[in-house]
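Below: one structure, written as structure tokens.
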Amino acid sequence: MSAGQITLFDLPSKEPCSTWSLNPWKTRMLFNFKGIDYRTEWTEYPDIKPKFQPHLPPNETGTPYTIPTVKLPDNTWIMDSRKIVDHIEKSHPEPSMHLESPYLAKLEDLLPNVFQYMRAICYARVPVNLLNEVSIDYWYTTRAERIGMSVQDFEKNHGGETAYSSAEPHLQQVTALLRENSDGPFFMGKTVSYADFVWVSALVFFKRVDETVYQEVLKRTGDESIHIKLVEACQPWLKRHDH
């Protein structure tokens, strides 16, 4: 590892291994955009806590230890994509991520509503389509604890059309937000911001979960083209995904 290099802890996928999860994508796009020197340390779900616990206090709510986490060159560890971008924006201010943008705040309010309904579909497909064998039991166990039933029952009761139709109005609110700047393709028009990375990370996550899920999400946004154009505009920062 070079002297100024950051270590990004990310979740591996089945071969060919590449990033897939929503929050690590945000950090990876951030690093790619700012031209930050980093290396990826792939970390399976059962290995997260034993690897991170000596260096970080647990989260006070939710899962105690999560990815993305980064280790800075001075051996400082930071966990959580939002805490990471806050730090990086101070240490590497250019090019700016425009964290003060109202679009980011609005989008961060909308996304939990989208995922509240889409998780029934995603919870069931992630272990089948993405996870290595070593992480599958962890996934099923922790998600069942979180939702109070098996992943399979959760999908049966809340997935499919129920999930898509419930998420649809929230997806269309994202579309309305993206339409506010007709100059496009970004939320701030011609200016790239972290809001773009947050939403593109969500879209790429759906695509990695299952191409059919991605296509249905695009359909439910009410305007596929505006989201596709955003993803295409962000391709330079999506290219590095496997190291």
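The values are calculated or read from the model by the stated rules, or taken from the named source; none is laboratory data. Being a predicted model, the structure only gives us computed values, none of them experimental. All Cβ positions, glycine included, derive from the backbone under ideal geometry; neighbour counts span all protein chains shown. When the accessible area is computed, the model is the full protein with side chains, heavy atoms only, and any ligands, DNA or RNA have been set aside. Shrake-Rupley method; radii C 1.70, N 1.55, O 1.52, S 1.80 Å.
Surface analysis of the chain yields an accessible area of 46 Å² per residue, using protein heavy atoms and a 1.4 Å probe. Projecting the Cα atoms of 50, 13, 84 onto the dipole axis of segment 6-91, where Lys and Arg carry +1 and Asp and Glu carry -1 at the beta carbon, places 84 farthest toward the positive end. FRET efficiency for the residue 224 to residue 183 pair, using the beta carbon distance and R₀ = 22 Å, is estimated at 0.70.
Shown for the chain are the DSSP H helices of 20 Å or more along their axis, judged by Cα atoms, with a mean Kyte-Doolittle hydropathy of at least -0.5: 102-129, 160-179, 194-209. Distance between the C-alpha centres of segment 1-38 and segment 163-228: 22 Å, rounded to the whole angstrom. Solvent-accessible area assigned to carbon and sulfur over the chain amounts to 50 percent, based on a 1.4 Å probe.
Determine the relative contact order of the chain: mean sequence separation of Cα pairs under 8 Å and six or more apart, normalised by residue count, in whole percent. It rounds to 24 percent for the chain.
Note on the chain: with a GNM built from Cα contacts shorter than 10 Å, the maximum mean-square fluctuation among 152, 53, 215 falls on 53. Taking label points 7 Å from Cα along the Cα-to-Cβ direction, residue 141 and residue 109 give a separation of 3.9 nm.
Between 134, 198, 213, the Gaussian network model of the chain with springs among Cα atoms under 10 angstrom shows the greatest mean-square fluctuation at 134. Given +1 at the Cβ of Lys and Arg, -1 at the Cβ of Asp and Glu and no other charges, the dipole of segment 6-91 around its Cα centre is 120 debye to the nearest 20. FRET efficiency for the pair residue 152 and residue 5, taken as 1/(1 + (r/R0)^6) with r the Cβ-Cβ distance and R0 = 41 Å, rounds to 0.45. Close Lys pairs in segment 6-91, defined as Cα atoms under 14 Å apart and 8 or more places apart or on different chains, number 5.
One chain, two ends: residue 47 and residue 161. Fully extended at 0.36 nm per residue, the span grows by 37.5 nm beyond their Cα-Cα distance. Restricting to the chain, what percent of DSSP beta bridges are antiparallel, rounded to 5? Of those bridges, close to 60 percent are antiparallel. Build a GNM of the chain with springs between Cα atoms under 10 Å apart, and of 220, 179, 146 the one that fluctuates most is 146. Taking a straight Cα-Cα cut-off under 13 Å and skipping sequence neighbours fewer than 8 places away in the same chain, the aspartates and glutamates within cross-link reach of residue 106 are 180, 196. Each Cα pair of the chain feeds into the Kirkwood radius, which the Stokes-Einstein equation turns, at 37 °C and 0.692 mPa s, into a diffusion coefficient of 177 µm²/s.
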